[in-house]
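Q: Here it is, the structure in full.
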Amino acid sequence: MSFPTSSRRGFLKTAVATGVSFSPLSLPDETAHVFLAGPYLQPPASNAMTVRWITAKPTYSWVEFGPTEALGQKAQSVKAGIVDANNRVHAITLTGLEPGKKYFYRIFSKEVVEFKPYKVTYGETIQSDILSFIVREAAGKQVSALIFNDLHDRPESIRHLCGLAGVNDRDFVFLNGDIFDHQNNEQQLIDHLLAPATKTFASRTPFLYVRGNHETRGAFRSDWADYFTFPDQRLYFDFTWGPVHFLVLDTGEDKPDAEPVYAGLVDFDAYRQEQARWAEQVMQSKAFKKAAFRVVLMHIPPQYSGDWHGATHCKQLFSPLFDKYKVDLCVSGHTHKYGVHPPVAGQHHYPVVIGGGPKDGNRTVIRLTADTRNLQLSMLRDDGSEVGKYAISSRS
Ligand SMILES: [Fe+2]
């Protein structure tokens, strides 16, 4: 696969700036028909895996997969009777997979040269190498995950931290926000996350992602979500993996919504309140209650994060719920100051672990493993030393 540096978006910007009008299908042939990023795997799920990638040109795309390198099965994306085509950002879910089994796969993209109502003209088809992944057992008795936060546009940290912590046998990787300083364009997404993640782990191991306050900034902020697949198609979500029920909160901005720098274009107070109502419903669910462990992942910590508005609002809204419904652990980032904070009587009944970042000497990666009896967390700094750990025994 090739990853050209020439940018279709560069052309788009130029075209807009010079007032040239065009439709996507009348673009000059300024880029080759190539993969721009991926394939990268998205959320961990029982019996399924979502494969995502980006092409430089509009295409019809599909995945061939199977238990051997002969592949044999084909998947495409169909929505309400329409097969996805003439698009560049691809998400195709492979279903009917067997947990514990290895699958091989290859992505294909056939260029759509012209798309008329009664005549579609195809161009060349490109394909990836044959890659593979193992379907992890979401319904099993164990979980093993890596958690990153606050990389802040330092793509080299992905390879470095994965190398220290070991990524190959993990069920998933979780990105706990502020992977970027702000969202500029697709090329930034590719260069600072998708390309290094794909190369390091993401073509074999799926990842999940929740925004930090920095993913909510910049001209490309509303496009960001198009490149990832979320459980329940929401940016906050919950899922059970083995003995752990994970609750993921999208904590929003750090300053008040009315702050002039936001130009009247954020509304996070209401969004956090919506999540608090939703979180309480989740916490009252059977899946949450019967899990051996209940773990919250959220970028802005509900404690130890200063007195700015976002942190204060998170503390007011979420911390009482975590106490009431006996959350076992909260893992966050945001402060750039790593630490393990055990429960403190009268303040918070649950431990708060905060990952560091983003500069050398302060970057961390968190390993989270659990079986039905014990949950263990280990935080490594970028020099390989363990700078935090926590162990919890199941209450049941
Ligand atoms: Fe942050």
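Q: Among the listed pairs K255/K286; K199/K337; K79/K102; K101/K290; K79/K326, give every one whose C-alpha distance is greater than 31 Å. Walk me through the numbers before you get to the answer.
A: Working: K255/K286 35 Å; K199/K337 28 Å; K79/K102 28 Å; K101/K290 27 Å; K79/K326 40 Å.
K255/K286; K79/K326, as the Cα separations exceed 31 Å there.
Q: Next question. Share of the chain's accessible area from carbon and sulfur, percent, 1.4 Å?
A: After summing per-atom areas, the C and S share lands at 51 percent.
Q: Just by accessible area at a 1.4 angstrom probe, what is the order of I134, I300 from largest to smallest? Could the numbers behind the result be given before it?
A: Details: I134 75, I300 0 Å².
Sorted descending by solvent-accessible area, the residues read I134, I300.
Q: If you average the sequence gap of Cα pairs under 8 Å that are 6 or more apart and divide by the length of the chain, what percent do you get for the contact order? Don't skip to the end; give the middle numbers.
A: Working: 925 pairs, mean separation 53.8, N = 396.
Once divided by the residue count of the chain, the mean separation gives 14 percent.
Q: May I pose another question? Give the dimensionless ratio obtained when the Cα radius of gyration of segment 143-393 is divided by 2.2 N^0.38 Å.
A: On the way: Rg = 16.8 Å, N = 251, 2.2 N^0.38 = 18.0 Å.
My calculation over the Cα atoms of segment 143-393 gives 0.94.
Q: Further question: Could you pull the accessible area for D267 with a 1.4 Å probe, rounded to 10 Å²?
A: Rounded to the nearest 10, that gives 100 Å².
Q: Note the full-extension length gain between V261 and T68 as 0.36 nm times their separation in residues minus their Cα-Cα distance, in nm to one decimal. Please list the in-between numbers first.
A: Working: separation 193, 0.36 × 193 = 69.48 nm, distance 5.35 nm.
Value of the extension gain: 64.1 nm.
Q: Then there is this: Taking 0.36 nm per residue of separation and subtracting the Cα-Cα distance, what length does fully extending T121 through S394 add? Mind showing how you got there, number by number?
A: Working: separation 273, 0.36 × 273 = 98.28 nm, distance 5.90 nm.
Using 0.36 nm per residue and subtracting the Cα-Cα distance, I get 92.4 nm.
Q: Largest first, what is the accessible-area ranking of S132, S332 with a 1.4 Å probe?
A: Details: S132 30, S332 0 Å².
From most exposed to least exposed: S132, S332.
Q: Another one. Taking segment 231-285, which trypsin sites (Lys or Arg not before Pro) meet the DSSP loop condition and have no more than 15 other C-beta atoms within 10 Å? Provide the component values of the computation, followed by the final result.
A: Working: sites: R234, R272, R277; in loops: R234.
When the trypsin sites (Lys or Arg not before Pro) of segment 231-285 are filtered for loop state and at most 15 Cβ neighbours within 10 Å, R234 remain.
Q: Right, another one. For segment 287-396, state which trypsin sites (Lys or Arg not before Pro) are in a DSSP loop and have at most 16 other beta carbons lying within 10 Å of their beta carbon.
A: Working: sites: K289, K290, R294, K315, K324, K326, K337, K359, R363, R367, R373, R381, K389, R395; in loops: K326, K337, K359, R363, R373, R395.
Passing both the DSSP loop test and the Cβ count: K326, K337, K359, R373, R395.
Q: So which lysines can K116 reach, going by Cα to Cα under 17 Å and dropping same-chain residues fewer than 8 places off?
A: Candidates past the 8-residue exclusion: K57.
Q: Here is a follow-up. To the nearest 20 debye, what is the magnitude of the charge dipole of segment 202-297 about its Cα centre, counting +1 on the Cβ of each Lys and Arg and -1 on the Cβ of each Asp and Glu? Working shown, then result.
A: On the way: 12 positive and 14 negative charges, 126 e Å.
Dipole of segment 202-297, to the nearest 20 debye: 600 debye.
Q: What's the longest uninterrupted piece of the chain once you rule out the chymotrypsin sites (Phe, Trp or Tyr not before Pro) that are loop residues per DSSP with at most 12 other Cβ within 10 Å?
A: Details: sites that count: F22, Y118.
After excluding every exposed loop site, the longest remaining stretch is 119-396.
The values are calculated or read from the model by the stated rules, or taken from the named source; none is laboratory data. Predicted model, so just to flag it, every value in this text is computed and none were measured. Every residue, glycine as well, gets a Cβ built from its backbone with ideal geometry; the counts of neighbours run over all protein chains shown. For accessibility, only protein heavy atoms count, side chains too; no ligands or nucleic acids. Shrake-Rupley method; radii C 1.70, N 1.55, O 1.52, S 1.80 Å.
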